[in-house]
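A short reminder: the numbers here are calculations on the coordinates, not readings from a lab. Nothing here was measured: the structure is a model prediction, and the numbers come from that model. Don't worry about glycine lacking a Cβ; one is built from the backbone with ideal geometry, like all the others, and counts go over all protein chains shown.
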Amino acid sequence: MKTYKNCQSCGMPLNKDPHGGSTNSDGSKNYMYCSYCYENGEFTRPDWTAQDMQAFVRGKFKEMKFPGILANLFVKRIPKLERWKK
């Protein structure tokens, strides 16, 4: 099983997840997604697109007072994460 350092939906570092990762439908830990994006074997926002996630994450960066250039660099990678590859 491949291990990931970042959530494959939003890009957040998994070591920053307060719940230590998400859960699968059987209650086991899922190490691909953070608990904000995936819980109990389902995406928390199943109807979102990569562009929706980018807008949301950009807003979070702004809330945390990160420089806009840093936010833009980070969100640029979101469409390349596993969830959004098609």
Item to complete: Using the structure shown, select from Lys2/Lys29; Lys62/Lys86; Lys5/Lys29; Lys2/Lys80; Lys16/Lys60; Lys5/Lys65 the pairs with a Cα to Cα distance greater than 18 angstrom.
Response: Lys62/Lys86; Lys5/Lys65
Worksheet entry | C-alpha long axis of helix 50-63 to longest principal axis of the chain, angle in ° | 70 degrees
Worksheet item: Among all the aspartates and glutamates, which ones have a C-alpha under 18 Å from Lys85's C-alpha, if same-chain residues fewer than 8 places away are not counted?
Response: Glu42, Asp47, Asp52
Worksheet item: Using 1/(1 + (r/R0)^6) with R0 = 25 angstrom and r between the beta carbons of Lys29 and Lys65, what's the FRET efficiency to the nearest 0.05?
Response: 0.20
